[in-house]
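Nothing in this text is a laboratory measurement; each read-out follows from the coordinates by a stated rule. Source: prediction; values computed, not measured. For neighbour counting, all protein chains shown are included, and Cβ atoms are generated from backbone atoms with ideal geometry for every residue, glycine included.
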């Protein structure tokens, strides 16, 4: 069976947009649309705002965005931004980045660029869901501006697989344990990179985080902002930290929520993320025990974890019916981890596990589909899975040889008895990619930048708290704020202390004390 490869991500896709739009909970969470705000000022910015870092980029930095009402929502604005495919060759090919703006609904402070993470999640969708992602003070004060980073969404998207191939890819066994399964697994891994190159063209070699960060400075200029105001979640924190390293003097107010430790090697990243998901799963099972006298998973946390592991093993042997499809073990894995991103969705996991234990896989399949942005008709709403692979492997092509994976079992199973082997096999993932980045790796300190707010959550499954602690220490001006709680990311997760600190920082420039805990 084929390999579940996307889990090798710097973080398993942020799912912030999934949380925001309410997929798998029975429809939209939106309120009635408000009256369209007055458009933001369009007067030309001062010359120093649009000054390019080098003369060859002047035409890009002098752009103005031609905002038009979006076809899907006339209360939002859509536009494009032109950037070079290769910043080392600004006179060469270009690509257009898709943009979406939700105008400020109150007394406008400026523009705030946002990114939901992934890598691979489209920022336009994140901005479009602003009314559910951000609280009213930020909606009143800022034009919320999202962009699809290069290679994602509608910004020269990379293309590696057909919809049917992607279905098989996500369904596949992530832990091959027979010779035949291992052979199929290797073929799948080694062929994926070639498919991405064949389907994507020259952009496949230029989707690094560094290039996306350079794009953000062109966007800052086009928005007429002297400095960047930014809120990035999950992988979006790596993007924001990279921006701060490249353009420290252009850093205004940056919030890095659910932070990534940008100093980690690939294996340490995978180990710590495996441990993060195990911690979150344990918290979920403990909640089941605490909230009922008869938890359906068992009488102890270990029994509950064993029930889930046994279920995954049984699905590997015999997939479950899921409507007109079959729930295979890869789908089941994604179905289990998806609700761990938000405590409010733990009830969905309980419903899905109860159904699966009764022999029905549809509920787990719905959660897996939400993770992958799969539509009910079998199409995919975006290319987030393919972009995730392409960006991560270009940023860091580190891989482990297939025959070395069993030697990783002890360390990975200690970090995560439930998911350890899955993350160990994911370490082989980048062997199939045969393009290399033209960008040199960065050591990120952002020396000279204004204070940068770094947020971490104590039981975050995808970006462990220790990552936020590490990133805040690596940034010369990093300010750490910790949320004691469950789920992925800290802002707008029901903690008034966190929310007020973030809003006061972004709107007023009030910098909290380093090490504040909420």
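General remarks:
- Value of relative contact order over segment 160-263, rounded to a whole percent, pairs C-alpha under 8 Å and six or more apart: 22 percent
- Peptides 284-290, 169-175, 63-69, 450-456 ordered by average Cβ neighbours within 10 Å, highest first: 450-456, 169-175, 284-290, 63-69
- Value of relative contact order over segment 264-372, rounded to a whole percent, pairs C-alpha under 8 Å and six or more apart: 23 percent
- This ranking places 486, 143, 293 by how few other beta-carbon atoms lie within 10 Å of each, fewest first, which gives 293, 486, 143.
- Most tightly packed first, judged by the mean number of other beta-carbon atoms within 10 Å of their residues, the peptides 235-247, 217-229 read 235-247, 217-229.
- In the chain, the longest principal axis of the Cα atoms and the axis of helix 384-395 are about 70 degrees apart.
- Crossing angle, helix 209-222 versus the chain [Cα axis fit, 0-90 degrees, rounded to tens]: 30 degrees
- Segment 415-471 and segment 263-326 have Cα centres separated by 22 Å.
- By other beta-carbon atoms within 10 Å, ranking 142, 347 with the fewest at the front produces 347, 142.
- For 393, 70, order by how many other beta-carbon atoms lie within 10 Å, fewest first: 70, 393
- Relative contact order for the chain, counting Cα pairs under 8 Å that sit 6 or more residues apart, in percent: 19 percent
- For segment 488-510 and segment 335-366, distance of Cα centres in Å: 30 Å
- Angle of helix 346-357 to the longest C-alpha principal axis of the chain, folded into 0 to 90 degrees and rounded to 10: 30°.
- Measuring how big segment 234-357 is from its alpha-carbon positions, Rg and Dmax come out at 18.7, 57 Å.
- Cα centroid separation, segment 121-143 to segment 148-180 (Å): 28 Å
- Considering only the chain, percent of DSSP beta bridges that pair antiparallel, nearest 5: 40 percent
- Protection proxy ranking, peptides 264-276, 297-309, average beta carbon neighbours within 10 Å, highest first: 264-276, 297-309
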